[in-house]
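Here is the structure we will look at, set down as structure tokens.
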Amino acid sequence: MSYHPVPVTHVGLTVTDIKAATEWYTKAFGCRHIIGPLHIRHDGSHIGEVFKGIFGDRFEEGYVSHLATANGVGIELFEFVTPKSEAADDNFCYWRTGVFHFCLVDPDVDGLARRIAEMGGKQRSKVWTLFEGEPFKAVYCEDPWGNLIEIYSHSTELMYANRRDTAARAE
């Protein structure tokens, strides 16, 4: 049986202020605001039942907003009212399983990292050149709600395709 590559449609992020986050992502990254914030309640409505079915017994109420990036991949923002969204004690537990960041592409890595910080986010690392003598750069940042964002200067495919020799070797 052979499989084919599947596309990524969106990344879901939890925030504590859906209106501010919708505005921040729209301004910081030029995302298109598709819909929301939508107020979702477990009130017998179909969407309320869908959310309860996905999020489980504790879910009673929340908000969701959908944004789109330049290549059509979405950013889905959630603010939960019941149970209430809260900031993680440690948002950089990279050694634990699960998604710990998402990555955006901008040829001006330094400029985007600076803009993130100026808009209330944070630059977590310095801007790194990934391969000596090559133009590929990366930096770790975070949004004002603690969601980790990596910035690449080029697409993943361009940066890593046909690369045989790297400093780190797969075992």
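Annotations for the structure displayed:
- Of all the residues in the stretch 88-135, those that are among the β-branched types (Val, Ile, Thr) and within 18 Å of GLU157 (Cα to Cα) number 3.
Matching residues to (1) of a type in the set (Ser, Thr, Tyr); (2) closer than 18 Å to THR14 by Cα; (3) touching a helix residue (DSSP H, G or I) at 6+ places or on another chain (Cβ under 9 Å); (4) modelled with pLDDT of 90 or more:
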position	(1), (2), (3), (4)
LYS84	no, yes, no, yes
VAL109	no, no, no, yes
ARG115	no, no, yes, yes
PHE131	no, no, yes, yes
ALA138	no, no, yes, yes
TYR152	yes, no, yes, yes
ARG163	no, no, no, no
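- Among residues of the stretch 91-110 that are under 21 Å from ALA70 (Cβ atoms) and without any contact (Cβ under 8 Å) to a residue 40 or more places away in the chain, those with a beta-carbon under 9 Å from a residue that is part of a loop (DSSP other than H, G, I, E, B) and not polar (S, T, N, Q) at least six positions away or on a different chain give the pairs ASP110/VAL127.
- Pick from the stretch 44-57, criterion of a type outside the set (D, E, K, R) and in a loop (DSSP other than H, G, I, E, B), ranking: surrounded by the fewest Cβ atoms within 10 Å (Cβ to Cβ): GLY44
- The residues of the stretch 1-31 that are polar (S, T, N, Q) and without any contact (Cβ under 8 Å) to a residue 40 or more places away in the chain amount to a single one, SER2.
- Any hit, the stretch 77-99, residues being under 14 Å from the mean Cα position of the chain (by Cα) and assigned by TED's automatic domain parsing to the domain that holds LYS27: yes
The values are calculated or read from the model by the stated rules, or taken from the named source; none is laboratory data. In this text, all values refer to a predicted model and were calculated from it rather than measured experimentally. Cβ: placed from backbone, ideal geometry, glycine included. Neighbour counts: every protein chain shown.
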